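The values are calculated or read from the model by the stated rules, or taken from the named source; none is laboratory data. As the structure is a prediction and not an experimental result, all values here were calculated from the model. For neighbour counting, all protein chains shown are included, and Cβ atoms are generated from backbone atoms with ideal geometry for every residue, glycine included. Accessible surface is based on the protein model in full, side chains and every heavy atom, while ligands, DNA and RNA are left aside. Shrake-Rupley method; radii C 1.70, N 1.55, O 1.52, S 1.80 Å.
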Amino acid sequence: MCDTALLQFEDITSYYNSPRKEMLPYVPTGASRILDVGCGTGMFALACREATGCECWGVELVPKVAEQARPRLEQVFAGDANHILPTLPNEHFDMISFTDVLEHIAWPEETLRLAKPLLRPGGVVVASLPNIVYWDAIRTMAFKNDFPYSDSGIFDRTHLRFFTRKSIPRLFDCAGYAVLTLDGINPSHSPKLRLLNLLTFNRFADFRWLQYAVVARPTST
């Protein structure tokens, strides 16, 4: 049977509307101009501006969502990031953000490479990536033998790539970046997971995190 939620996907405005305030600690304090790739309606970039006073540009794949971001940002470009990034000015941004974006791209290494020339000297990429070994996802796959596609979260039906704590640095290394920060964010509070880690000397610590926050700097241009 067809999943009717798939037909309604573009009507789910909350998908594009999160300010992602848990990512604000990773925004460089001195950033004066940022580019938010996959900016949605512009709420994260707006939160960055409120926190740092920076100028904010955005790239958004879905045109009608990009239109909602235009009143909030200085510049918004609608379309495929891999086509748009090469048209933007070099050494223009202190930070380029990819908040839950890279997993939606077939070849995220190429997107990261295209972003490198746009960074000013000392500039960084800030990203968040979902953790496929998050506790709730592992329980669903291991004990229910299921991979239930959904409109958002770990099982988001638009995910093309999947990541863990170990694989994330490989992605950035392949694209020519050094990872400066790799932190788990949005933890599970499951008592069963806490007990499991207690009994196994924290063997499954990575299962705790829904996502990882990444700060990375280019190793070359």
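Just a few scattered comments:
- Of all residues in the stretch 178-213, those satisfying the criterion of being surrounded by 15 or more Cβ atoms within 10 Å (Cβ to Cβ), in contact (Cβ under 8 Å) with a residue 40 or more places away in the chain and among the aliphatic types (A, V, I, L, M) are Ile185, Leu193, Leu210, Ala213.
- Scanning the stretch 29-38 for residues that are on the phi < 0 side of the Ramachandran plot, part of a loop (DSSP other than H, G, I, E, B) and open to solvent by 10 Å² or more (accessible area, probe 1.4 Å) gives Thr29, Gly30, Ser32.
- Residue count for the stretch 73-122, restricted to those that are over 27 Å from Ile154 (Cα atoms), polar (S, T, N, Q) and in contact with a helix residue (DSSP H, G or I) (Cβ under 8 Å, 6 or more places away or on another chain): 1
- Neighbours by Cβ (under 8 Å, 6+ apart or cross-chain): first from the stretch 141-154, in contact (Cβ under 8 Å) with a residue 40 or more places away in the chain; second open to solvent by less than 60 Å² (accessible area, probe 1.4 Å) and in a loop (DSSP other than H, G, I, E, B): Tyr149/Phe155; Tyr149/Arg157; Ser150/Arg157; Asp151/Ile12; Asp151/Arg157; Ser152/Ile12; Ile154/Ile132; Ile154/Tyr134
Residues checked against (1) open to solvent by less than 50 Å² (accessible area, probe 1.4 Å); (2) under 30 Å from Gly184 (Cα atoms); (3) under 20 Å from the mean Cα position of the chain (by Cα); (4) of a type outside the set (Gly, Ala, Ser):
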position: Ala51; (1), (2), (3), (4): no, yes, yes, no
position: Val62; (1), (2), (3), (4): yes, yes, yes, yes
position: Ser97; (1), (2), (3), (4): yes, yes, yes, no
position: Leu102; (1), (2), (3), (4): yes, yes, yes, yes
